[in-house]
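First comes the structure, then the notes that go with it.
The values are calculated or read from the model by the stated rules, or taken from the named source; none is laboratory data. For clarity, every value in this text was computed on a predicted model and none was experimentally measured. Here the Cβ positions follow ideal geometry from the backbone for every residue, glycine too, while neighbour counts run over all protein chains shown. Keep in mind that these areas ignore ligands, DNA and RNA; they rest on the heavy atoms of the full protein, side chains included. Shrake-Rupley method; radii C 1.70, N 1.55, O 1.52, S 1.80 Å.
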Amino acid sequence: QKEVEQNSGPLSVPEGAIASLNCTYSDRGSQSFFWYRQYSGKSPELIMSIYSNGDKEDGRFTAQLNKASQYVSLLIRDSQPSDSATYLCAVKRDYGQNFVFGPGTRLSVLP
Amino acid sequence: EPEVTQTPSHQVTQMGQEVILRCVPISNHLYFYWYRQILGQKVEFLVSFYNNEISEKSEIFDDQFSVERPDGSNFTLKIRSTKLEDSAMYFCASSGLAAIYEQYFGPGTRLTVT
């Protein structure tokens, strides 16, 4: 079983719409979850962290966590063409500090 | 805004040669990491470093790899005898005490082994 799974996409949404990105993880003991954005040929850029069940909002971004379902999501409101990138879900195991990354979902926001 | 820097941006080397990739973490950060990303694949953890020693390493980080913090600012990854399959982007990351799990990545070094 893969540790962190994401739909590879591409996910295409029109400009101004809400983009919904999903991630599931297998390690039930995981406590810390992160969303990174990666533009083509660039490094991962931290967008959000979430540690507790529920929603966490930061500007146009909302992270949602459901530990019982082992599910994390990222909503991007008012999507812009500049949001077009690959979004990586990263999960910190319940031990240590290293992350397990998902394969990423490629988002395309169409003008 | 403080950021992680890495040099060189691109390194080309011949199989069997040694390479050293350099990173300058964010200045008040205490936890340092190396990740790699083979083209088209996911980001993979290599090693974490804290208090001048390795705190964790993955199965990828075998005896060919080593890390060092030679001074108060640099953090290096050495690959002793490069193989073709070492070709990848290598990312350095760091995190601080205020949010030890929030890792900030450098721009990466593209390593090409020929």
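In chain B, the portion of solvent-accessible area held by carbon and sulfur atoms comes to 46 percent [1.4 Å probe, whole percent, DNA, RNA and ligands not counted]. Applying a threshold of 27 Å to the alpha-carbon distances of A:Lys92/B:Lys83; A:Lys67/B:Lys78; A:Lys67/B:Lys42; A:Lys42/A:Lys67 flags A:Lys92/B:Lys83; A:Lys67/B:Lys78; A:Lys42/A:Lys67 as lying beyond it. Of the residues making up segment B:91-105, those losing 50 Å² or more of accessible area when the isolated chain is joined by the remaining protein chains, with a 1.4 Å probe, are B:Tyr101, B:Glu102, B:Gln103, B:Phe105. With a Förster radius of 45 Å applied to the beta-carbon distance between A:Arg77 and B:Asn28, the computed FRET efficiency rounds to 0.85.
When both segment B:15-29 and segment A:46-97 are represented by their alpha-carbon centers, they are found 29 Å apart.
Computed from the C-alpha gyration tensor, the three semi-axes of the ellipsoid equivalent to chain B are 23, 14, 13 Å, from longest to shortest. In square nanometres, what is the average projected area of the Cα convex hull of the protein assembly as shown? If I average the Cα hull's projected area over directions, I get 12.5 nm².
Take the solvent-accessible surface of the protein heavy atoms, probe 1.4 Å, and return the percent of it on chain A that carbon and sulfur atoms account for. Carbon and sulfur together cover 46 percent of it. In chain A, the alpha-carbon atoms span a convex hull of 94 Å³ per residue.
For chain A, the solvent-accessible area works out to 46 Å² per residue, with a probe of 1.4 Å and every protein chain left in place.
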